[in-house]
Amino acid sequence: MRDLSHFYFKGIPADKQPLITVAITAYNVEKYIARCIESVMAQTYSNLDILIIDDGSRDRTDAICDYYLTQDSRIRVIHQSNQGPGTARNYAIEETRGEYLAFLDGDDYVENYIYEYMMSAILESDSKLAICSYYENAEDEPVDIHPLTENIRAAGIRMIKSDELIKACVEESDELKVRNMVWNKLYHKSLLQEKNFPGIMYYEDRRFTLEVLHDAKEAVFVDTPLYHYIIDRKDSIGSQEGFFCIFSEWIPSCNSVKAFLKQIGMEELADTQDYLMYKRLLDYYVEAKNDKTGDKSKYLDDITAYIERCREDVDRIYGVGIADPKEKKRMLKFLDHRWTFDHFYLK
C-alpha cells in the first residue's frame, strides 16, 4: 500500500486541473438550491462543468436554476419530467463532459475546496476514486463553511482496498464512512462505463456503489469532512421512504446487494446484509403492530411472512461479526414465542 502520510493539500494550478462535471440533481428544493449552486460556483477548483438536472420540480426550483444559468458560463441546466434520482443521475453520466464526475444533491452544499482537495488526493495517489468524510447538518442550521486551515491542509488521506471499502459500506461503519451515497465520492469516468442506477425512487445507489467500489480495486479516502449532508429535511425524498416501498424497492435492493456480494465471493458479508435487513424488518413489524391508523398495519401480514423466511438460517445470519446477541434473542422470540415477543417488545 502506498504511503501517503506526507500528503499536504497545496492546491492544483488552473492549467493542470482535469475537468470535473459536478452533477446537481434537484427536485422541489427551492429553499436550498441557491445555497447548493453557489457553494459550487465558489469552488477554489475552477475547471468545472456544472450540470444541474431539475427532475420535474413543481415549485420554483426550475426558475432558480435558470437564473444561475445566466450567472456562470460553466453552468448547464436540464429540465425533465419527474423520474426519480436514479434516472436523473443516469442522465448525468450520459451528459458528463468531465474526465471526472461528482454528484451533489440539491438540498446539500459543499466546502469551497472539496473538489480541489479530492482531486489533489486522486493525483497524489494515482487513484480513480476519491471518497471523503462529511458533516451531518440539521435543516435549520445556518451555513457552516470551514476556512482552509493548516490542520485541514495536513489532514490525512489513505489508500484503502476495495474489500475493506465494501465491508465498511455494507456494515455502515462509523469509523470509515464510505456509505452507499454517491455524493461523497469523485469518480473517474471510466468507473461509470456501462453502469446504471435503477429507475426507482429510493435505494437507487446501494448496488451501484458496491459495483463501483469493487471495480475500482482501491480508493483514496480523505478523512477531512468536505460535504454537508442535510439529514432531517421533512419534505425530502429520503424522509418519505417507508412502509409503502418495503416490498417494491427496499427488499429488492437488499436482495440485489446480497446477490452481488455472493457473486464477488463475499458470502459472510451477504449474511451481514441479511442480518441488517431482518433486524430492520423486526422494527417494521413493531411499527405496524402498534399502528392505529391502518397506514402501516395493512403491511403486517406480509412483513410477518417475510420475516418467517429466516427461520432455518437464524444461526448463520445472526452469527456475523457485527451481530448483536440481543438481536438474535429478539428474533428467536419472534419466531418461536410470538405472544411473548408482542408482550415484551411492543411499546
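The values are calculated or read from the model by the stated rules, or taken from the named source; none is laboratory data. Remember, predicted model here, so these are calculated numbers, not experimental data. FYI the Cβ positions are ideal-geometry reconstructions off the backbone, even for glycines, and counts take in every protein chain you see. In case anyone asks, the SASA skips ligands and DNA or RNA and just uses the protein heavy atoms, side chains included. Shrake-Rupley method; radii C 1.70, N 1.55, O 1.52, S 1.80 Å.
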ask   = Roughly speaking, what is the stretch gain from Ile145 to Arg76, that is 0.36 nm per residue apart minus the C-alpha to C-alpha distance, in nm to one decimal?
value = 22.3 nm
query = Between the stretch 202-230 and the stretch 22-100, how many Å separate their Cα centres?
reply = 20
query = Helix 251-263 versus the longest principal axis of the chain: what angle, 0 to 90°, nearest 10, using Cα atoms?
reply = 80
key: Accessible area of the chain divided out per residue, in Å², using a probe of 1.4 angstrom   = 46
inquiry  = Can you give me the long-range amide H partners of Phe103? Hydrogens built in the peptide plane at 1.01 Å from N, cutoff under 5 Å, separation of 5 or more residues or another chain.
reply    = Ala23, Lys185
remark   = Note on the stretch 244-306: contact order normalised by length, alpha-carbon pairs under 8 Å, 6 or more apart, percent, works out to 21
key: Degrees separating the helix 206-216 axis from the principal Cα axis of the chain, which is the longest one   = 60
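Roughly what % of DSSP beta bridges within the chain run antiparallel, to the nearest 5?
Restricted to the chain, the bridges split so that about 30 percent are antiparallel.
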message = Can you give me the % of accessible surface on the chain that is carbon or sulfur? Probe 1.4 Å, all protein chains present, nothing else counted.
response = 47
Net charge dipole size for the stretch 1-49 [Lys, Arg +1 and Asp, Glu -1 on Cβ; Debye, nearest 20] = 140
query = Can you list the lysines whose alpha carbon sits under 29 Å from that of Lys292, skipping same-chain ones fewer than 8 residues off?
reply = Lys234, Lys279, Lys326, Lys328, Lys329, Lys333, Lys347
inquiry  = Taking 8 Å as the Cα distance limit and 6 or more residues as the minimum spacing, I'd like the relative contact order of the stretch 85-177 as a percentage.
reply    = 20
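Working from the alpha-carbon coordinates of the stretch 27-84, get Rg over Rh, Rh being the Kirkwood radius. Each step should come with its number before you reach the end.
On the way: Rg = 11.2 Å, Rh = 11.6 Å.
Computed over Cα atoms, the ratio is 0.96.
222 nm [θ] for the chain, helices only, -39500 (n - 2.57) per DSSP H run of 4+, per residue, to 500?
Working: 14 runs with 138 residues, N = 347.
Helix-only estimate at 222 nm: -11500 deg cm²/dmol.
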request  = Consider the candidate values (1) 59, 29, 24; (2) 37, 25, 18; (3) 44, 24, 16; state which one is semi-axes √(5λ) of the Cα gyration tensor in Å computed from the structure displayed.
outcome  = (2)
task = Using a 10 angstrom cutoff on alpha carbons, build the Gaussian network for the chain and name the most mobile of Glu204, Glu267, Glu116.
result = Glu267
inquiry  = As a test question: what accessible area, to the nearest 10 Å², does Thr224 have when a 1.4 Å probe is rolled over all protein chains in place?
reply    = 10
